[in-house]
Structures are given as C-alpha cells and as structure tokens.
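The values are calculated or read from the model by the stated rules, or taken from the named source; none is laboratory data. Since we're looking at a predicted model, the values are computed, not measured. Cβ: placed from backbone, ideal geometry, glycine included. Neighbour counts: every protein chain shown. Heavy atoms of the whole protein, side chains included, go into the accessibility calculation; ligands, DNA and RNA do not. Shrake-Rupley method; radii C 1.70, N 1.55, O 1.52, S 1.80 Å.
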Amino acid sequence: MRALIAGEIGGVALAAAVGWLVLLARWLRGRPAAGSWLAGLRHVPRRYLVDVHHVVARRPVAARMHALAAGGVLGGSVLALAAAVSGLGWSVWALVALAFGVGGMGALLAWRRRVPGTPPALSGGAFLWLPAALAAWCVGNGLAALFMAVGAPMTAIVGAVVLGGAGGVALLRLVELGPMRHALAGVAWLAGHTRPGRFAGDGRDTGLRPLDLAAARLGVLVPADFPGPVLASFDACIQCGRCEEACPAFAAGQRLNPKALIQILSGAMRVVPPPYAGRPAPMAPVLLGTGGMAQPIVGNVLHPDTLWACTTCRACVEECPMLIEHVDAVVSLRRGQTLMLGQVRDGAARVLEASRARAEPGGRDLAARGDALATLDVPVLAPGGETDILLWLGEGAFDARYGRTLRALVALMRRAGLRFATLGADEVDCGDLARRLGDEAGFQSLAAEAIAALKTRRFAKIVTADPHALHVLRNEYPALGGIWRVQHHTGLLDELVRDGRLRLERREGVRVAYHDPCYLGRYNGEIDAPRRLLDASCAGRVEMERHGMRAMCCGGGGGGPASDVDAVTRIPDLRMAQARAVGAGMVAVACPGCTAMLEGVTGPRPDVRDVAELVLAAVVA
Amino acid sequence: MRSVVLLSGGIDPVSGRPAPPAGEIAAIGLALSVGGAVGGLHAGAPVPALRQAAGHGLEQVDCLQGGGDAVAVLAEALFAAPPDLVLAGRQARGGEDSGMLPYLLAERLDWPLLSGVVAIGATAEGWLAVTIGLAQGARRPAQIRLPCILCAHDAAPAPPFVFDRARRAVLRVVPVTGEEGPGMVAVEGTERPYRARPRLIGTASGGGGTVLEHPDPAEAARVLRDHLRALGMLAPPREGAADA
Ligand code: SF4
Ligand code: SF4
C-alpha cells in the first residue's frame, strides 16, 4: 500500500519535475540571465514566503485561498511521500490527512472565487477546472492517508489513490494549460528575477538598465531576445487580473491589458499556445500570427498599439503577486521597434527627432527654457561655477502654466535664503521621454551631454520639480557615471518647513486631494513629504481611493501623449472623476506632466495647483 | 535604377546641432520608393548629420573630401559614374545655403530638374512620372526625362529614422581635388523696419492664372506685373509714369 501511494505521489511529482525541465529548456533559449540563475534558487523560499505573500496578502480572500491550497498541497504531498517511503506510523498519516484536508479547503475557496460568476478580471477556461483538480488531489490522497492511519481495507485505499492520481494528472494537464504553470515557472522567475534590488534595501529597483548600443540586436523583436528568467516570468503569470484592474490604459479603453499582454508574450514562445480565457485588450484586433522563439512578436501576435499605450506607470508591477516586470517587457519591446525598425507612432517620431536635433522633445530653443523665470533673475551657473543647489528646470519650464509652479518654487527658495542656480541653455532634456519610447540611443546621448554639463559645475545637490527628471537623474544616470544627490521640490520644501526655515499657516478652503505622480510615488517611494506639506498648508485634505503607492496615473508618462493611441475615454478624465468622487475642490499635483494632463480635463472640475503654489499661499513671515 | 541622394552637412536652425534637413530626408524617401541602389553623396568631410540622414535609409554615403567648389566636385563625381536619378532637398542647411546647388548642378550636367517633388511614379521609355506638390496641398503630375535631378518637397513622406541603420551606415571618404570655387560670399545687407505686406490668399494650382507658352520677355513681364498688381503686391501705376 505504501508503495502504491509513494508511486502515485512520486510519479506526479516526477512528471512535474520533467515538465519543469521542458519549460526550462524553452526559457534557456532566451538570452542568458545576468547572474547565475541556478544560484538564485537559494533566494526562492524567502522571496516566495515574504515578498510574494506580501503582495498576495493585500487581498485577504485570495490570500487565504492560496495559503490553504498551496500549503495543503505542498505540505501534504511532501509529508505523504515521506510517510510512504519511510513507513512511519499512523500519527504521521493522520498529519498527512490533515494537511490534505487544509488543501481541500483551499480548493473549496478556489471554487468559491468563480462561483456563482467569474469576476471579470479573472480568467475562465481551464481555470474553472482548477478547484476540481485540486480537490481530487487533496481528497483522494487525504482519504488514502486517513485510511492508512486507521488501517482501512485495501480496496478503500486503492480507490482513494485512484482519485488522488486522477487529480494529479489533472493538475499536470493544468500546468500545460496555464493555471498550474505559475507554480513551476514562478520558482524559476523568483530565482532569476531581473530586479534583485526589489528584495534588498528599501525594496525599490525601478530604473531602466542601459543597453549596450554596440550589440547586434537591440531590444526585443522575438521571444528569444528576452533573458531566460523574463521568459519564465511570462509563464509565471497566474492570470489574477490585478494588473488589469490597476491599468489606466485599460480603464481608458486603449488597446492594452497588461494581463493579456503577459499572456500574449507567454504564448509568443509557443507555436500552439493554450487558449486564453481572460479579458483581451479593449478593441484590439486579434492577431492570428504563429508564435515561436524566433518569430516576431509585434504585429504578429501583439498589436503595436498595445505597446505604445503603456504610460510606464508601474501600477501593474505594484499589484502583481508574481512580481512580474511589465514595464521592462514593454520597454524592451519598444527598444526593438524603435532602434531596430524605426516603427514608432508619428507623434513619437516627431519628439524623438526633436530630441536628436534640438536636445529637447518639443523642439524648442534651449535658451528659452529659463524664460519662465526671466523676471526672477535666477542665476545661471557657468561651467566651473559653484552653488548650493542646482535647479533642474525640466521640460515643464517651457509650459506657461508650469512656469507659475516654478516661480512659486523659486519664491519659496528665496524666502528660505537658499543659494541656487540653473544650467541655463546648457540644460538639455534629461532623456526620459526618449528612453521610455525605446530610443535608448537618443537617451544615452542626451544623458551623456547632461552629465557632462553637470560635471563641469559644483553643487551640493540637484533639485527638480519634475519627477521624471528626478527619476532619470537619481536612478538612471548613476549607471552612466552621473552620481548626485537629487531631490524633488516637495522633499526640499518639506525639509525647509521641518527646519523652520519656512513657516506655514494652514489656509481654509476647499477640500484638497493630492494626486501622486507615478514617478515620485511608485518609482521613488516618496508619498509622505507632499502630504505633510499639504497638511501644513491647507485645511481639509482628502485621499482619493487610489493614492500613494497605488495611485492611478494621469496618463502623461511613458510617451503616452506623444504616441496618442486611440482610446474610449481619457485617462486624466478618469482620474479627475476619482477626485470629484471624494468631494475634492482642488487637486494638488507635483509634476509638470500631471499638471498638464489634469488641467486638460474639460468642463467644470476641481482646480489644479502644484504643491509649491499651495505652500507659497500658506507661507507666513 | 541607381539613385544618388545629395546630402548637406545639415545644421538645425534652432539648436545649431547637426541634423539632416527635412527635404533631404524626404529625398531619401523618394529614392527608396523608386527601388534599386540608393547611395548618399556629400561634398565635404564626413559629419554627424550624414550618419543621421543615413539612418533614414542609406547604407553608404560617399564624402567627397578635399575642398573646392561643391558644384564642381559633385558634378565631377556624378559625371564619372552617372546615376539615373539625383535627388536633393529643397535647400541645404548649415551655412549661407541659397538652395541654388541643384540648379547649378543641373546646368553643369545639362540634366533636367524638377523641384517640389512629393512622389515618384513609374518610368516609361526613359521618362519618369513624378508628382509635384503645390501650395495648399494641391498636386500636379509631371514627366521628366532621365537622368535628371529631383528636389524633394519638404512635406514628401519621410522614411523613419532607424538607429540600427544609422550605426551601420558607411561614411566613405573619397579624396578629391576640386577647383577653387567662388568661395563664401560675404553677404552685406541692411536692416529695414518691418513693413506690413498684404496677405496672399491665392488659390492652388489650376484655378485662375494665365499660362503663357513661350512668351516674349516683355509680354511675360507685363502679365506678371499686372498679376502682382491685381493681388495688391505692387502699387498701382503712378500718374503719368511710363508704364511699359
Ligand atoms: S505600466 Fe501602467 S499603463 Fe503600462 S501596463 Fe502597467 S498599469 Fe498599464
Ligand atoms: S501579470 Fe501579475 S498581476 Fe497580472 S494577471 Fe499575471 S500574475 Fe496577475
């Protein structure tokens, strides 16, 4: 009897291991992993138990289901195998039965998720069979263990083992069809995760990595261009739809659904991918191309609009329990399209050309960047010069509306007695837009010029009101040799208030909702300083439902506006509606992009003010 | 068909940075639309703008280095290995470019020239069908005998920039010893105050206007003058002035 149980469970485990090797062989056809993939296996338990569950736990119902199902299945199977092989006594079999009982409860909860109806973000299809397969495995093996413990007749045990075996076969089939694949692929992905910084230090690792522009193939055109672990990450998607629910482009009806995107990329590796039974990208025509490791992805199995609709807001990444890096995938694909094929949307082609010819995506004269501050006589730092703070103006400076914000900031810095200067006409674009649009060559040349300009001046830190510039200067220039302390203006103002160099008096007024810029919040984890400033400046701050690290994007990032992908509604309209829903009469912003996007919302709407403007209005003495 | 695209050491008028002029990019697009071998030709040293231009679709740019008058140097190179088609932009960008180069070159080679080309059609018996872009989006078909020089319209469709192509492009230096040209002519001018000019609200091709076949110069001048007067561009005739 023990041999039968050992054979059944061991056989299924062995088949799963073989299945894993088959998958691995496919992933290994991608580019080699950065470090040792194998050595990464030692990190898997911690990454799984701590980091994955940290995300899973945000949804208690799902977390409970997963803990019971995964814990029961794994614990029960391992214990049963041990019991069967070593011939331990009835008490161990009772323990096995208990573990499988727990797994069975997990199966029940898994069934409850889709009954009576499957929530729209969850996939149907093979997923509908998952609870049954889990239940068969747990009940069958659980009963077999129970029968072993109480010494039941052989026929009963055989019957139970047959049921468990059937469940095992079903689970194996579900590995192939997708629902159970996450367990195997997840191990590989967690071992070779391409952003190890997420598991160390402050847990943030958001900067894009520089591309070697001398490499033969730049970016990704075919699945084999992705690093192996990244291919595993696509297979690791459990189709939970959390990314889909968070995605602003999806909400606005653009042809992007991050979950469908990851499934398409997983399917792109296969000639006959398993059917996808989740929501597709809105209104994206189905592409019927054949996948394969050397088959083109974009235009063959993936609609190009999907690629250009992404605002790189990282909301999907923040929500993904499998810790998948959607934005990296999108940017890699964009790099392939932009650098190898020149296939970008018309508007994007224009800003990229202007970035090349004029070092400014809007094509404006660099000398005009400081015009917004013309009345304030902000000194321009000449090469060799020295100051305390280098004020990086960013692209927003060309915009008359954002000029008001910059003037407010300068007024506050003056009031606090700070010594600062700008680069004047030597400030080129930081390259954020070019990089997000996949033009790594354009980015690197702008970055090299910016870094060279900064290196000829001496200053203690850089301050900017533009979170995109902040991110690039702080997180992406270091890899290219530019290492400075870079601060967002809200961080600086918060410091000045804390040190008593600015005194604020709270103003009565309408309710103010703070809209977190993605590149300040999710990319840099700075969500508290702006809130402290607003609490000190305005009475009645309210929070929108989506705020902080889980805030919704304004639609302005990642070259979205330049690419101008068809949509049903506009992302900033959706965001403004969320502000209205909490009764906000004013939306506080901290980014030129958010300012432009939210001010572009037509009709009666809450006012849009930068945090700096609100602080200036509240400053006393 | 073998085409050669003339490239200048383009300088962006706003930033002063190297950048190919729109017309030259359009010219590359026209050359690619014809098919066959397409090469770039530049009178001067290899400069960064050439690589950028090549990114729009050229595998090789020959740089005629060694000085001398650009027209003479180009004419000699084109004469030595005559292509079927020479394409250029409307005007180079970088120095005091007058936009005369293609015309002077056509004169030197004794080839026909058409400017404002937005599309190239088929060849038949040594004639090339092209489409000329006129003001306000109007289009006019035309035929030109090969070999010829075509100046692209700035608004002709521009082929996309592909970094991979730009980095692979070969900038081949061809040493030349050209005869000294007239050199850079210093431009002298006076600054005059702004003078309001009447707005030209014309019609596109076809509508209105007079077509003169082989007119006699005086007759042509009279028709032109009357036309400009009708538009309000020229003052009406003064009393008593000899008006002929
Ligand atoms: S980064 Fe933002 S826009 Fe892009 S797929 Fe993720 S959620 Fe959607
Ligand atoms: S990508 Fe991540 S968040 Fe999106 S469906 Fe897959 S596992 Fe869920």
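Structure above, values below:
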| read-out | value |
| --- | --- |
| Close pairs from the range A:440-451: first at the interface with chain B (Cβ under 10 Å from one of its Cβ atoms) and within 10 Å of A:D429 (Cβ to Cβ), partner open to solvent by 40 Å² or more (accessible area, probe 1.4 Å) and among the basic types (K, R), Cβ under 8 Å, at least 6 apart | A:G442/A:R356 |
| Residues of the range A:219-249 that turn out to be within 16 Å of ligand 1 (Cβ to nearest atom) and either open to solvent by 10 Å² or more (accessible area, probe 1.4 Å) or farther than 24 Å from A:S36 by Cα (or both), as a count | 13 |
| Failed item in (1) at pLDDT 95 or above; (2) within 16 Å of ligand 2 (Cβ to nearest atom); (3) under 20 Å from A:S563 (Cβ atoms), with A:G219 passing the rest | (2) |
| Top-ranked residue of the range A:549-583 - restricted to ones that are in a helix (DSSP H, G or I) and polar (S, T, N, Q), ranked as modelled with the lowest pLDDT | A:S563 |
| Filtered residue count, the range B:127-179, keeping only those that are in a strand (DSSP E or B) and closer than 30 Å to A:A434 by Cα | 4 |
| Residue list for the range A:230-248, restricted to those being within 14 Å of the chain's Cα centre (by Cα), over 30 Å from A:A577 (Cα atoms) and of a type in the set (G, A, S) | A:S233 |
| The listed residue being surrounded by fewer than 17 Cβ atoms within 10 Å (Cβ to Cβ), more than 19 Å from A:L492 (Cβ to Cβ) and not small (G, A, S), out of A:D371, A:D399, A:D388 | A:D371 |
| So A:A82, is it open to solvent by less than 50 Å² (accessible area, probe 1.4 Å), part of a helix (DSSP H, G or I) and free of Cβ contacts under 8 Å to residues at least 12 places away in the same chain | yes |
| All positions within the range A:315-343 that are open to solvent by less than 20 Å² (accessible area, probe 1.4 Å), part of a loop (DSSP other than H, G, I, E, B) and either within 14 Å of chain B (Cβ to nearest Cβ) or of a type in the set (D, E) (or both) | A:E325, A:G342 |
| Qualifying residue in the range A:264-278 (condition: touching a Lys or Arg at 6+ places or on another chain (Cβ under 7 Å) and within 15 Å of ligand 2 (Cβ to nearest atom)) | yes |
| Matching option when the condition is of a type in the set (V, I, T) and in contact with a Lys or Arg (Cβ under 9 Å, 6 or more places away or on another chain), among A:I483, A:I462 | A:I462 |
| Test: residue in the range A:261-283 that is without any contact (Cβ under 8 Å) to a residue 60 or more places away in the chain, within 13 Å of ligand 1 (Cβ to nearest atom), in contact with a Ser or Thr (Cβ under 6 Å, 6 or more places away or on another chain) and more than 14 Å from every other protein chain (Cβ to nearest Cβ) | yes |
| Qualifying residue in the range B:46-66 (condition: of a type in the set (A, V, I, L, M) and farther than 22 Å from B:R2 by Cβ) | yes |
| Options A:P478, A:P467: the member that is surrounded by fewer than 18 Cβ atoms within 10 Å (Cβ to Cβ) and under 31 Å from the mean Cα position of the chain (by Cα) | A:P478 |
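Let's see how each residue does on (1) open to solvent by 10 Å² or more (accessible area, probe 1.4 Å); (2) within 16 Å of ligand 2 (Cβ to nearest atom); (3) polar (S, T, N, Q):
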| residue | (1), (2), (3) |
| --- | --- |
| A:A251 | yes, yes, no |
| A:N257 | no, yes, yes |
| A:Q295 | yes, no, yes |
| A:T312 | no, yes, yes |
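Residue by residue, here is whether (1) polar (S, T, N, Q); (2) part of a loop (DSSP other than H, G, I, E, B); (3) not assigned by TED's automatic domain parsing to the domain that holds A:A62 holds:
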site	(1), (2), (3)
A:A224	no, no, yes
A:V230	no, no, yes
A:S233	yes, no, yes
A:C240	no, yes, yes
A:A249	no, no, yes
A:I262	no, no, yes
A:L265	no, no, yes
A:R270	no, yes, yes
A:R279	no, yes, yes
